[in-house]
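The values are calculated or read from the model by the stated rules, or taken from the named source; none is laboratory data. Computed from a prediction, not measured in an experiment: that's the story for all the values here. Here the Cβ is made from the backbone with ideal geometry for all residues, glycine too, and neighbour counts use every protein chain on show. What goes into the accessible areas is simple: the full protein's heavy atoms, side chains included, and nothing from ligands, DNA or RNA. Shrake-Rupley method; radii C 1.70, N 1.55, O 1.52, S 1.80 Å.
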Amino acid sequence: RNTSAGLIHILTRRPTRDFESYVEATAGNYGLYDLTGVLNGPLSETLSARLSTHYDDREGYTTDLSTGDDLDWEQNTTVRGQVLFEPSTSFNALLKVEWTKDDDGGAVRKGADCTRPMLEQPFGDFTEPCDPWESDLADNRDFFLKREVFNTTAELQWDLSDAVRLTSVTAYIDATLDRVLSAFGTPFEVLIQSGR
């Protein structure tokens with residue numbers, strides 16, 4: 001409801017009473033490193049906990065012709081801790097705390113047609129590179145997107161009968177954002193997006 005392009009609803013896996021642990025590592029081209037770890041299990045007769053971590057780092061796919069630097073690189077870290085309290089079969093309470101930090105390069109903007117000038121005078125008759133993995137941005141700025149999000153959620157569930165469940169969800173989110181992006185993707189500072 002009230003979403004112009006649909007909604008993606010992601011439900012993370014809740015703690016269980018079965019012990020579980022694993023680590024997954026991935027390496028790939030463009031300097032990709034990806035690491036995921038999970039630890040899950042019971043703390044007592046009524047408490048279970050789950051700790052999940054994820055880290056990924058990779059170089060950019062697109063080269064800035066002005067500087068030779070990668071543009072769309074990424075470095076992301078997420079840590080999520082959950083505690084599930086189940087004192088009876090009809091009631092449970094879940095507390096979830098999550099921290100995410102993104103340190104990414106600026107998004108690459110390109111025009112629809114590389115055979116015609118993207119800008120004309122007085123902005124400087126610029127035609128972008130036709131190679132999809134090359135761009136030419138203003139070389140006197142560093143383009144980046146830094147974001148940090150802290151999220152905590154408390155979810156309470158009561159089974160009032162076999163057919164009725166009452167759920168209460170309370171959440172708090174705190175986020176910071178710092179960015180400098182080129183909206184046009186040209187070496188001229190026609191439109192620079194920045195903000196915190």
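Filter the stretch 43-58 down to the residues that are part of a loop (DSSP other than H, G, I, E, B), open to solvent by less than 60 Å² (accessible area, probe 1.4 Å) and touching a strand residue (DSSP E or B) at 6+ places or on another chain (Cβ under 9 Å) and list them by number.
Thr46
Can you pull out every residue in the stretch 92-117 that is at pLDDT below 95, assigned to a strand (DSSP E or B) and open to solvent by 30 Å² or more (accessible area, probe 1.4 Å)?
Asp103
Given the residues Leu137, Leu166, which is the only one that is modelled with pLDDT of 75 or more, among the hydrophobic types (A, V, I, L, M, F, W, C) and open to solvent by 50 Å² or more (accessible area, probe 1.4 Å)?
Residue meeting the stated conditions: Leu166.
What strands (runs of 3 or more DSSP E) completely inside the stretch 144-196 contain at least 1 residues that are in contact (Cβ under 8 Å) with a residue 40 or more places away in the chain and polar (S, T, N, Q)?
In the stretch 144-196, 144-159, 165-182 are the strands (runs of 3 or more DSSP E) which contain 1 or more residues that are in contact (Cβ under 8 Å) with a residue 40 or more places away in the chain and polar (S, T, N, Q).
When only residues in the stretch 11-25 that are within 23 Å of the chain's Cα centre (by Cα) and either assigned to a loop (DSSP other than H, G, I, E, B) or in contact (Cβ under 8 Å) with a residue 12 or more places away in the chain (or both) count, which is surrounded by the most Cβ atoms within 10 Å (Cβ to Cβ)?
Pro15
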